[in-house]
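What follows is a short report on a single structure.
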Amino acid sequence: MDNSFLDYYNIAPVTSWINDMLCSIMPQGFAYLIEGLVIAVALILAYAVFAIILIYMERKVCAFFQLRLGPMRVGKWGLLQVFADVFKILIKEIIRLKNADNLLYELAPYVVILASILTFSCLPWHKGLQVIDYNIGVFFLLAVSSIEVVGIILAGWSSRNKYSLIGAMRSGAMMISYELSLGMVMLTMVVMTGTMSISGIVESQANGWNIFKGHIPAVIAFIIYLIAGNAEANRGPFDLSEAEQELTAGYHTEYSGMHFGFFYLAEYLNLFIVAGIATTIFLGGWMPFHVSGLDGFNAIMDYVPGIIWFLGKTFFIVFVLMWIKWTFPRLRIDQVLRLEWKYLLPLGMLNLLLMAILKVTGLVF
Amino acid sequence: MSIKDRILAIVPEATFTEQADLIATVPASSFRKLAEGLRYDKEDPMDFMRDIVGMDWGESLGAYYYLESTKTYNRIALRTETTDRENPLLPSVCDLWKTAEIKEREAYDFFGIKFTNNPDMRRIFLRDNWVGFPFRKDYDLNSNSLDMSNETNEEFSDDYLFDADGKELDKKNRIFGKKEFVVNIGPQHPSTHGVLRLRTSVVGETVTKVDPVCGYIHRGIEKMNESLTYPQTLALTDRLDYLAANQNRHALCMCIEKAIGIEIPERADYIRTIIDELQRIDSHLLYFACLIMDMGGLTPFFYGFRDREIILDILEKTTGGRLIQNYNRIGGVQADIYPEFQKDVKAFIKHMRGIIHEYHEVVTGNVIFTTRLKGMGILTNEDAISLGCTGGSGRASGWHNDVRKHHPYSMYGKVDFKEIVYNECDSFARYMVRMDEIMESMKIIEQLIDNIPEGDYLVKTKPIIRVPEGVYSTSVEASRGEFGVLIESKGDKVPYRLHYRSTGFPLVHAMDTVCRGNKIADLIAIGGSMDYVIPDIDR
């Protein structure tokens with residue numbers, strides 16, 4: 001198959017040209033340092049920008065589900081509302097608690113945001129535009145995303161608040177359970193694509209997205225992933241760790257100002273990350289949509305840059321997850337755990353087996 | 001055998017007053033025997049205690065006990081008293097009717113009447129360090145200055161336990177064990193539906209005990225009424241259960257009308273009934289919205305509010321008020337209905353019938369919703385009756401308790417409607433009762449709306465109303481249960497005592513029974529399904 005279309009918008013030559021130029025005028029280590037700093041700033045900026053987009057999107061989407069208009073007053077269609085809110089949260093006081101474990105209490109939001117940013121930097125945005133790309137990328141992704149639960153438990157534990165503690169315990173029980181399912185799903189797709197590198201998984205979908213190539217087991221894996229990913233992102237109907245109707249705000253009840261903001265940012269970005277990873281491993285990442293046989297159509301699709309494909313698919317899944325959140329009531333902790341241990345995990349294991357069999361017999365493409 | 005003969009057979013020295021309500025006066029010494037006799041009567045057990053009303057008659061303190069049979073719907077009121085004002089002791093009946101546990105606490109809180117052998121004689125509405133008993137007629141209103149200190153919770157409950165020989169037992173009741181993990185839910189909490197506080201003991205996530213602490217919005221409405229003229233007392237009823245504002249006021253108006261013996265025009269009765277039913281639909285829509293929101297589903301909340309808005313608009317056009325309507329007056333209603341009233345109401349009913357399927361599609365059929373509610377929060381039939389959980393929550397436990405059906409008032413005797421009863425006893429049944437009652441209420445309105453007779457909507461009454469001496473009571477089916485009014489008059493222009501039977505008070509009391517063994521998340525969902533409104537509990 002002709003994969004030349006992949007190079008149309010490839011920006012790897014640009015980045016390597018910048019690298020070569022920097023290396024030619026300064027020592028290599030110094031060049032890497034500067035590049036690292038620039039990328040870090042760019043990542044954090046992108047992180048903040050996506051958070052703002054997502055918050056605005058969530059407000060509008062949920063408003064439309066709820067027969068409302070959402071923010072309309074600040075700026076046209078309320079476009080500046082989120083900026084106003086971000087500014088407000090930045091100037092709010094960070095309250096220190098009298099009886100809390102202060103070191104852990106202040107550490108917790110940073111742990112959460114760190115895990116979130118690390119996972120965020122694994123996303124393949126475009127050909128050649130990926131910050132962290134190991135040959136064990138999937139493994140790295142699972143590992144760093146699991147750090148978040150540490151932050152949440154620290155937050156709940158150190159706040160010295162019973163609601164926070166209950167929320168953190170729920171979160172711990174839930175996230176650790178659902179990570180198993182996530183791992184199972186990732187393994188299934190690794191079996192199918194034969195690589196653990198994230199860019200490798202995307203490249204392997206040049207001739208068709210995994211969800212089409214892997215048909216039955218891939219669709220099952222996709223559904224399990226959406227459920228487990230939703231739980232990992234702590235969003236409704238799995239938002240029982242913050243369960244505002246029960247625990248007021250769960251593990252971050254006691255946080256204020258930007259410390260609360262970090263939890264809030266991380267929650268929204270986790271939603272984006274979950275959707276981004278779903279895009280990457282099931283929906284072809286930044287690969288365009290092709291229908292075999294329709295060459296004209298395919299050629300037009302190729303002219304759409306990869307980053308648009310990636311963001312388009314990701315925001316579609318974000319929308320689906322928001323749709324779920326704003327439709328369903330919340331599950332209870334025992335139901336959440338039963339769903340995972342009795343249904344999703346066994347199903348994921350069987351699915352892995354099925355995928356292996358199909359792969360060996362050549363029934364997946 | 002008539003109820004009188006039955007009482008005389010047990011307590012021959014009982015005396016009866018029949019001036020308004022049938023009241024049997026019995027001495028405190030034989031009261032307990034009579035209570036047991038009536039409660040465990042073979043043919044007609046008085047198994048539903050409607051209310052205990054504490055009283056101060058000047059030289060004596062005592063209480064009225066309103067009883068009803070769930071089989072024959074016979075009602076009787078008992079009166080007993082003690083002349084010892086320093087240490088007033090009355091026998092507790094909390095082992096016969098569970099609802100007495102909390103109703104006796106209320107009487108203790110306000111009148112200082114100690115009920116012997118009730119294991120929990122703490123104050124319930126007022127602070128533990130409150131001085132004096134405010135509903136006593138000799139209470140000095142200045143005896144409690146503003147206390148800005150934090151209130152601590154008692155570790156032990158007060159009690160007055162006696163053994164069979166009348167010797168006081170030295171036994172302490174610890175409310176929560178030393179090692180129990182007690183989570184304080186409320187009074188500032190998103191889903192206690194107001195300022196209710198539930199001290200909840202949990203093991204992991206499982207609730208082991210719920211101790212309700214009330215009084216955070218207590219305004220002393222009953223006490224205030226003792227210095228207001230009868231027309232003035234009406235203004236406060238809407239502030240009890242604001243989702244049954246019109247029904248509450250209906251009950252009080254009926255009670256005063258009964259006492260002074262005026263007939264209200266038929267047109268007013270029609271209007272009252274229709275507005276009552278609109279109010280019920282309004283309340284049930286809010287119930288739907290809040291129950292789903294308590295379970296984390298935020299979208300259906302807006303469905304309920306969308307359709308409730310139409311009712312509120314109709315109420316606003318009719319009465320001038322949306323939440324607090326002040327519509328009923330002694331002798332009729334405040335103002336006539338507006339010309340398009342019938343058209344608007346019929347349009348609403350058509351809209352509601354057309355849209356209720358949305359509710360069932362997004363909520364009733366939702367797998368998460370049903371698994372969260374089915375089989376959860378079991379309130380057995382016996383418990384519902386014993387705890388006095390009237391209204392939809394009782395009817396979901398298979399208890400036929402609709403006042404509209406069994407003690408018809410206004411137009412309810414003349415319209416055809418079904419009493420919705422479910423036998424599942426769980427949260428889901430409580431939800432379904434409300435959803436079905438919306439349909440029944442619309443049926444009632446449809447039967448009345450086209451037949452509103454012409455005529456006056458109000459009979460003129462004197463500006464100063466003097467109610468003849470006696471004890472009068474009425475009850476109506478409010479949005480969430482039986483709402484009762486008791487007036488004791490000494491022939492003045494102000495009531496000697498005006499008591500309301502709270503619809504939500506028994507429901508909050510039932511939370512302990514219903515929630516034990518369920519999870520914290522279910523506590524919130526069950527609270528939502530029980531449907532209580534706090535200003536009505538605290539009064």
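For every residue, the table says whether it meets (1) acidic (Asp, Glu); (2) under 18 Å from the mean Cα position of the chain (by Cα); (3) in a loop (DSSP other than H, G, I, E, B).
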| residue | (1), (2), (3) |
| --- | --- |
| B:Asp95 | yes, no, yes |
| B:Ile102 | no, yes, no |
| B:Tyr108 | no, no, no |
| B:Pro119 | no, no, yes |
| B:Arg123 | no, no, yes |
| B:Asp128 | yes, no, yes |
| B:Phe133 | no, no, yes |
| B:Lys137 | no, no, yes |
| B:Asp140 | yes, no, yes |
As an exercise: evaluate A:Glu246 against (1) over 24 Å from A:Asp133 (Cα atoms); (2) surrounded by fewer than 24 Cβ atoms within 10 Å (Cβ to Cβ) and give the number of the one condition it does not meet. (2)
Residues located in the stretch A:257-289, provided they are buried (at least 23 other Cβ atoms within 10 Å of the Cβ) and among the small types (Gly, Ala, Ser): A:Ala266, A:Ala275, A:Gly276, A:Ala278, A:Gly284, A:Gly285
Residue count, the stretch B:61-84, condition free of Cβ contacts under 8 Å to residues at least 40 places away in the same chain and either touching a His at 6+ places or on another chain (Cβ under 6 Å) or not in a strand (DSSP E or B) (or both), comes to 5
Residues of the stretch B:338-374 satisfying the condition of being loosely packed, with under 14 Cβ neighbours inside 10 Å and not charged (D, E, K, R): B:Tyr338, B:Pro339, B:Ala347, B:His351, B:Gly354, B:Ile355, B:His357, B:His360, B:Gly365, B:Val367
Restricted to the stretch A:213-262 and to residues being of a type in the set (S, T, N, Q) and over 30 Å from A:Gly284 (Cα atoms), the residue nearest to the other protein chains (Cβ to nearest Cβ) is A:Gln245
If you take the residues in the stretch A:87-135 that are assigned to a loop (DSSP other than H, G, I, E, B) and charged (D, E, K, R), which one is nearest to A:Gly285 (Cα to Cα)? A:Lys127
For the stretch B:176-211, how many residues meet the condition of being more than 29 Å from B:Phe301 (Cα to Cα) and outside any strand (DSSP E or B)? 6
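Conditions (1) among the aromatic types (Phe, Trp, Tyr); (2) more than 23 Å from B:Ile337 (Cβ to Cβ); (3) modelled with pLDDT under 90, marked per residue:
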| position | (1), (2), (3) |
| --- | --- |
| B:Met224 | no, yes, yes |
| B:Pro231 | no, no, yes |
| B:Asp238 | no, no, yes |
| B:Ala245 | no, no, yes |
| B:Ile260 | no, yes, yes |
| B:Ile281 | no, no, no |
| B:Cys290 | no, yes, yes |
Cβ-Cβ distance below 7 Å, separation of 6 or more or different chains: which pairs start in the stretch B:198-223 with a residue that is touching a residue at least 60 places away in the same chain (Cβ under 8 Å) and end on one that is among the polar types (S, T, N, Q)? B:Leu198/B:Thr192; B:Val202/B:Thr208; B:Val207/B:Thr200; B:Val207/B:Asn518; B:Thr208/B:Ser201; B:Lys209/B:Ser201; B:Val210/B:Thr200
Test B:Val467 against the criterion of being buried (at least 20 other Cβ atoms within 10 Å of the Cβ), among the β-branched types (Val, Ile, Thr) and modelled with pLDDT under 90, and give yes or no. yes
Selection from the stretch B:292-318 of residues within 30 Å of B:Ser191 (Cα to Cα) and more than 14 Å from every other protein chain (Cβ to nearest Cβ) yields B:Ile311, B:Leu312, B:Asp313, B:Ile314, B:Leu315, B:Glu316
Looking only at the stretch B:318-360, count how many residues are over 25 Å from B:Leu291 (Cβ atoms), polar (S, T, N, Q) and in a loop (DSSP other than H, G, I, E, B). 2
Is it the case that some residue within the stretch A:344-352 is under 30 Å from B:Ala525 (Cα atoms), touching a residue at least 24 places away in the same chain (Cβ under 8 Å) and within 14 Å of chain B (Cβ to nearest Cβ)? no
B:Asn184 vs. criteria free of Cβ contacts under 8 Å to residues at least 24 places away in the same chain, surrounded by fewer than 18 Cβ atoms within 10 Å (Cβ to Cβ) and among the polar types (S, T, N, Q): yes
Does the stretch A:343-365 hold any residues that are among the hydrophobic types (A, V, I, L, M, F, W, C) and surrounded by 15 or more Cβ atoms within 10 Å (Cβ to Cβ), and which are they? A:Leu344, A:Leu345, A:Leu347, A:Met349, A:Leu352, A:Leu354, A:Met355, A:Ala356, A:Leu358, A:Val364
Has the stretch A:165-173 got any residue that is surrounded by fewer than 24 Cβ atoms within 10 Å (Cβ to Cβ), more than 12 Å from chain B (Cβ to nearest Cβ) and out of contact with any Gly (no Cβ under 9 Å at 6 or more places or on another chain)? no
Qualifying residue in the stretch A:236-255 (condition: modelled with pLDDT of 85 or more, in a helix (DSSP H, G or I) and aliphatic (A, V, I, L, M)): no
Looking only at residues that are under 25 Å from A:Cys122 (Cβ atoms) and among the small types (Gly, Ala, Ser) in the stretch A:20-75, which one is nearest to the other protein chains (Cβ to nearest Cβ)? A:Ala51
The residue from B:Ala28, B:Ala107 that alone is in contact with a Ser or Thr (Cβ under 9 Å, 6 or more places away or on another chain) and surrounded by 15 or more Cβ atoms within 10 Å (Cβ to Cβ) is B:Ala28
Out of the residues in the stretch B:364-402 meeting the condition of being among the hydroxyl-bearing types (Ser, Thr, Tyr) and in a loop (DSSP other than H, G, I, E, B), tell me which one is nearest to B:Tyr66 (Cα to Cα). B:Thr390
Can you tell me which of A:Ile25, A:Ile44, A:Ile11, A:Ile34 is modelled with pLDDT under 90 and touching a strand residue (DSSP E or B) at 6+ places or on another chain (Cβ under 8 Å)? A:Ile11
Go through the stretch B:36-60 and give me each residue that's part of a loop (DSSP other than H, G, I, E, B) and among the basic types (Lys, Arg). B:Lys42
In the stretch B:187-202, which residue that is facing chain A (nearest Cβ under 10 Å) and out of contact with any strand residue (DSSP E or B) (no Cβ under 7 Å at 6 or more places or on another chain) is surrounded by the most Cβ atoms within 10 Å (Cβ to Cβ)? B:Ser191
Can you tell me which residue is nearest to the other protein chains (Cβ to nearest Cβ) among those in the stretch B:258-291 that are acidic (Asp, Glu) and in contact with a Ser or Thr (Cβ under 9 Å, 6 or more places away or on another chain)? B:Asp282
Among the residues that make up the stretch B:389-411, is at least one of them in contact with a helix residue (DSSP H, G or I) (Cβ under 7 Å, 6 or more places away or on another chain), more than 14 Å from chain A (Cβ to nearest Cβ), over 25 Å from B:Ala251 (Cα atoms) and surrounded by fewer than 24 Cβ atoms within 10 Å (Cβ to Cβ)? yes
Over the stretch B:488-523, the set of residues surrounded by 24 or more Cβ atoms within 10 Å (Cβ to Cβ), within 14 Å of chain A (Cβ to nearest Cβ) and not acidic (Asp, Glu) is B:Cys515, B:Ile520, B:Ala521, B:Leu523
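The values are calculated or read from the model by the stated rules, or taken from the named source; none is laboratory data. Only a predicted model underlies this, so the values are computations on that prediction, with no experimental measurement involved. Reconstructed Cβ throughout: ideal geometry from the backbone, glycine too, with neighbour counts over all protein chains shown.
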